[in-house]
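Before any comments, here is the structure.
Just so you know, all these numbers are worked out from the coordinates, no wet-lab data involved. In this text the structure is predicted, and so the values were computed from the model without any measurement. Every residue, glycine as well, gets a Cβ built from its backbone with ideal geometry; the counts of neighbours run over all protein chains shown.
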């Protein structure tokens, strides 16, 4: 195991030890911490686990996850190449939106997760994730446009689930996704 893997495992254990959001933990099957390559250049962050994620213990394994996998393939990547997680690490009951306090409670752990991985780009999936890092923006205006804040590059995208419910967003998401390789190449040239 790499040093980053060890640190991520310790951070996951710390969330359990600290009993973050005990009300959520009580209704969830398990903590859904995150999966993928701890040395990834790209980290994808959603809002919270859904039913399938709660059962399997991994983020983005349902229908939205399948679409995410398809989009990764369009740019020559696999799940093993990236790291993926959520702001909130327990499934909110009935798949409701995470509450502001729940997001706030998990944010310090998410920030530590990002500090361990040190991705070149954090890709926020949906408005909840975007608002944690880039407050005050509207996803309908900011999607697909890289933003730099405190030295970190963020790329806000619509949540893959949104494209499943609104077919018109599917192509928008695919188009935004297609910009990722050029963004990474640009960041490699800068450093």
**Request:** Largest first and in whole Å, give the semi-axes of region 3-190's equivalent ellipsoid, each being the square root of 5 times a Cα gyration tensor eigenvalue.
**Result:** 24, 19, 16
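Compare the peptides 81-89, 16-24 by average per-residue count of other Cβ atoms within 10 angstrom and give them in order, highest first. Don't skip to the end; give the middle numbers.
Numbers: 81-89: 24.3, 16-24: 14.1.
Order by mean packing, descending: 81-89, 16-24.
Express in nm, to one decimal, how much length is gained between residue 147 and residue 104 on full extension, taking 0.36 nm for each residue of separation and deducting their alpha carbon distance. Present the calculation step by step, with values, prior to reporting the outcome.
On the way: separation 43, 0.36 × 43 = 15.48 nm, distance 2.16 nm.
Here the segment from residue 147 to residue 104 would lengthen by 13.3 nm.
Pairs of Cα atoms under 8 Å, at least six residues apart: use those to get the relative contact order of the chain, whole percent. Write out the running numbers ahead of the final one.
Values: 294 pairs, mean separation 44.1, N = 191.
Computed over the chain, the figure is 23 percent.
For region 64-125, what does the alpha-carbon gyration tensor say about shape, rounded, prolate or oblate, given a ≥ b ≥ c as the root eigenvalues, a/c under 1.5 as rounded, and a/b over b/c as prolate? Walk me through the intermediate numbers first.
Details: a/c = 3.03, a/b = 1.38, b/c = 2.19.
Cα axes put region 64-125 in the oblate bin.
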**Fill in**
Length gained if residue 27 through residue 111 is fully extended, taking 0.36 nm per residue and subtracting the Cα-Cα distance, is 27.8 nm
**Message:** Need one number: nm distance between label points at residue 183 and residue 63, each 7 Å from Cα along Cα→Cβ, rounded to one decimal.
**Reply:** 2.6 nm
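Could you state the per residue volume, in Å³, of the convex hull enclosing the Cα atoms of region 79-191? Show your work: numbers first, answer last.
Details: hull volume 14.0 nm³, N = 113.
Taking only Cα atoms, region 79-191 has a hull volume of 124 Å³ per residue.
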